[in-house]
Amino acid sequence: MTTFSRTLVAMDLSVMDPKLLQWVGTLDSKLGFQKVYFLHVMPDFSAPKNVDIEFHTLFSADYPADEKAHDRIAEDIEKILGKHPGLEFAIEVREGKPYQKVVHLSEAKDIELLIIGRKKQSEGSGISARRIARATKCNVMVIPENAAVKLQHIMVPIDFCDLSAKALRVALDMAQKNPEIKITALYVMDLPPSNYFDRPYANKGMQEMLHKAANETFDNFLAKLVDQSSVNLEKVILDNTLNHTARHITSFSLQQHADMIIMGAKGHSTWDNLWFGSVTEHVVEMAASPVLVIR
């Protein structure tokens, strides 16, 4: 059973915070949270960037900015999450460079899952989804600011490697705790170079052969992981006609109204980076729904 007992949520005192808290409440029982750290980083306690904290500090010199930030986060937690028996909350307000502090605390606290928001416009903190996901060694969930807070349909892009199998197991464990969740396992199948199909004998027949082989591999892959009769799981194969796997993944997830994408950090692609696959990076930055990256 998949659990992420130690979780870190990066807070920035913006309108993104309530969305992150709502997702924590939605995922709590499904991902086995036990202790959740809420981290806010100020570049300088004496000159806070947040307008509300700065205004309050000007007129309440005896109420330090870090304490005000701590109390504001605590108020949001109480308002949105309330009491969760068996779940421990801890609030950390640190001074320094946000990106460095997030990465450091995720290592210092043995964090298993880091949750961060993704905004359309960066506020210059340096905490970009791609940068954080590359730097941390833990699993990462990236939540777009406009993503709806619901979990009825999970999409899992797979390429039959070990990490995609691990990602599918996470989705299956979540569905086991909530049988109403639908899972779509998606394989984007690469095609031979277009000039190959200029040969008269290689057109339709070759594509049929590729689909047959992919279906057999897909069935064998799933058979090792799940009894398909016991879970609401659909397998889908898409031709990579755009020669852009990530674009197919994000477009299909949008068409199918997927509420979450769960995928491995790296796959079989020869273009993978050392710690983080290029397909995964693009999905994290393009997807309209939250993306849970599994390591």
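Here r is the Cβ-Cβ distance between Ile80 and Cys161 and R0 is 22 Å; the resulting FRET efficiency, rounded to 0.05, is 0.05. Checking the a/c ratio against 1.5 first, then a/b against b/c, what shape does the Cα gyration tensor give for segment 207-257? The shape class here is oblate. Distance between the pseudo-spin-label points of Lys35 and Met209 (7 Å out from Cα toward the beta carbon): 5.7 nm.
Laboratory data are not the source of any read-out in this text; all were calculated from the coordinates shown. The model shown is predicted, which means the values in this text are computed figures rather than measured ones. We place every Cβ from the backbone using ideal geometry, glycine too, and count neighbours over all the protein chains shown.
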